[in-house]
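Student: Handing you a structure now.
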Amino acid sequence: MMTEILCGIMLVAFFVVMIGVGFYSRKHATNVSGFVLGGRSAGPWLTAFAFGTSYFSAVIFVGYAGQFGWNFGLASTWAGLGNAFIGSLLAWNVLGRRTRIMTQYLDAKTMPDFFGKRFNSVPLKVAASVIVFIFLIPYTASLYNGLSSLFGLVFDIPYWVVILVMAILTGFYVIFGGYMATAINDFIQGIIMLFGICAVIGAVLMDNGGLLKATQKLSAVPSEGWAGGAFTSFLGPDPLALLFVVILTSLGTWGLPQMVGKFYAIKSEKDIHKGTVISTVFAIIVAGGCYFLGGFGRLYSDKIAINEATGKPLFDTIIPTMLSTLPAIIIAIVIVLVLSASMSTLSSLVLTSSSTFTLDVIVPVSKKKMNEMKQVVIMRIFIVFFIVVSAVIAIFKDSHPEVTFIAQMMGVSWGALAGAFLAPFLYGLYWKGVTKAATVVCFVWGCAVAVLQLIVSLCGIDVTGWGTVFGYIFKSSINSGVVAMVGGLIIVPVISLITKKQSKEEIDNMFQCYEAMVEVPVKESLED
């Protein structure tokens, strides 16, 4: 009873704040730039927290932390550290400044818009938009995963009610306030996530006698080929599989439109430096903390639900099982934490989807010229559409678990987007020699690998007969996603070297944006 009361009070307070931010941010959403990018005026704290909260959703806290913690033990913490130093620190340093400069020069508001203007090709922009549309919706629907089991700890309410409340609330503040409402709410939600994950880790460790005793218990758990200590070892029982997880979840963000889009809105140079530090620290605490927590999942193996068909645990139930014995206040914090993580990512995804589809598909094919207010109205309509579709998919998936297509689509969507977009976007910021043909080939490559993985997973094809290499690649969507990304990084320069280049004058003018002179205070740069 006490848990229900505490959760109810905290949720009501949380909802009131989110709605208030939506109303407050209306003044920033009066034109396309304001609605999509906040007028490119977001400061370092808002941008860094928006980046981090879009990165880490309930999928990571409930699904990945449980699954990878079970598979790799404490070594799964490497995934969190990879997210921090590759997915955040390196991403900000490599992509941040150049993305901000180039997209402002091109007046590109979305990733497909960048491709269209960078390579002077409307069909390329439309193709990128279609890829986003196809693969971002199932990814959006996956954000609801895990909410059911967590809310089931406290409230006796149907799963569809939880989804409906989350969808309506997120839609409300995104529709009213656009990017700025999303960024401010991400900041608030990020603070909840920081304090929440620290409180949960402390509570779980204390429930197992402290860090030393919990680690000793975990070291006694046997694994195949190990008498003990596999799940407390430095690299875990399967280092190669762990490496693929680190690469996919860390490098993959470089090609996700909802992540890269955060760099479009940075206000100034000093904000990039501050944002880099803030984002990295945030990722260390949240991602590192989530995976570290999941590493102790096997201590609860006698309580975790098992999938009778596979004999493996139901991974989405591992974290909720770990939390079920904790004090009421901790459970209440976790409920708000996971809801915050899910809503922050959901808001980013639906804003990305609606803006991309409106600006890169609807506006170009429209016979009548649309003013900015009409474009904003259309984006708001598509926000409703994308939220409704994702919610319906999530509810349908929960009520029809025998329909495996949806679950498999969710699994391959990240790899498809990163495989298609990462290489041409990264090279396009740095290298004049990238060609349109190479970008097209990379789009086809990333989507083809994802579709093949989908067919393999959906049809239950035995890939062991494909040979050691191909069998391992298509063993899981994680492995094939990594191959799609790394393959793209090889394909783009190779194809670019043998295909027609853009005109020298056009590309030189474009890259001239990096050479523009700016004055800085002497405290930041000494005179020659």
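Every number in this text was worked out from the coordinates using simple rules, so none of it is lab data. As the structure is a prediction and not an experimental result, all values here were calculated from the model. Quick reminder, even Gly has a Cβ in these numbers, built from the backbone with ideal geometry, and neighbours come from all protein chains shown.
Student: Could you line up 18, 322 from fewest to most neighbouring Cβ atoms inside 10 Å?
Tutor: Starting with the residue having the fewest Cβ neighbours, the order is 18, 322.
Student: At a threshold of 8 angstrom on Cα-Cα distance, excluding pairs fewer than six apart, so keeping six or more, what relative contact order does the chain reach in percent?
Tutor: 28 percent
Student: Per DSSP helix of 4 or more residues, -39500 (n - 2.57); summed, then divided by the residues of the chain. What does that give at 222 nm, rounded to the nearest 500?
Tutor: -22500 deg cm²/dmol
Student: List, in the order given, every pair from 109/432; 436/500; 109/501 whose Cα-Cα distance in the structure shown is over 19 Å.
Tutor: 109/432; 109/501
Student: Let me ask something additional. For the chain, what does the equivalent ellipsoid look like in terms of its semi-axes, each the square root of 5 times an eigenvalue of the Cα gyration tensor, given largest first in whole Å?
Tutor: 36, 27, 23
Student: Tilt of helix 477-498 relative to the longest C-alpha principal axis of the chain, in degrees (0 to 90, nearest 10)?
Tutor: Value to nearest ten degrees: 20.
Student: Let me ask another. Filter 117/475; 267/368; 27/369 down to the pairs with a C-alpha to C-alpha distance above 29 Å, please.
Tutor: Listed pairs above 29 Å: 117/475; 267/368.
Student: Among 163, 178, 196, whose Cα lies farthest out toward the positive end of the dipole of segment 110-219, if unit charges sit on the beta carbon of Lys, Arg (+1) and Asp, Glu (-1)?
Tutor: The Cα lying farthest towards the positive end belongs to 178.
Student: Taking the Cα centre as origin and putting +1 on Lys and Arg beta-carbons and -1 on Asp and Glu beta-carbons, what dipole magnitude results for segment 12-157, to the nearest 20 debye?
Tutor: Dipole about the Cα centre, nearest 20: 680 debye.
Student: Note down the net charge around residue 500, summing +1 for each Lys or Arg and -1 for each Asp or Glu among other residues with Cβ under 14 Å from its Cβ.
Tutor: My count for the surroundings of residue 500 gives +3.
Student: Check cross-link reach from residue 397 to the aspartates and glutamates: straight Cα distance under 16 Å, and skip same-chain residues fewer than eight apart.
Tutor: Within the straight-line cut-off, residue 397 pairs with 316.
Student: Right, next: Neighbour counts of other C-beta atoms within 10 Å: give me 400, 273 arranged from fewest to most.
Tutor: 400, 273
Student: Could you put 499, 325 in order, starting from the residue whose Cβ has the fewest other Cβ atoms within 10 Å?
Tutor: 325, 499
Student: So, one more: Which one of 210, 297, 498 is farthest out on the positive end of the charge dipole of the chain, using unit charges on Cβ (Lys, Arg +1; Asp, Glu -1) and the Cα centre as origin?
Tutor: Sorting the options by dipole projection puts first 498.
Student: Charges at C-beta only: +1 for Lys and Arg, -1 for Asp and Glu. How large is the resulting dipole of the chain about its Cα centre, in Debye rounded to 20?
Tutor: That gives a dipole near 1140 debye.
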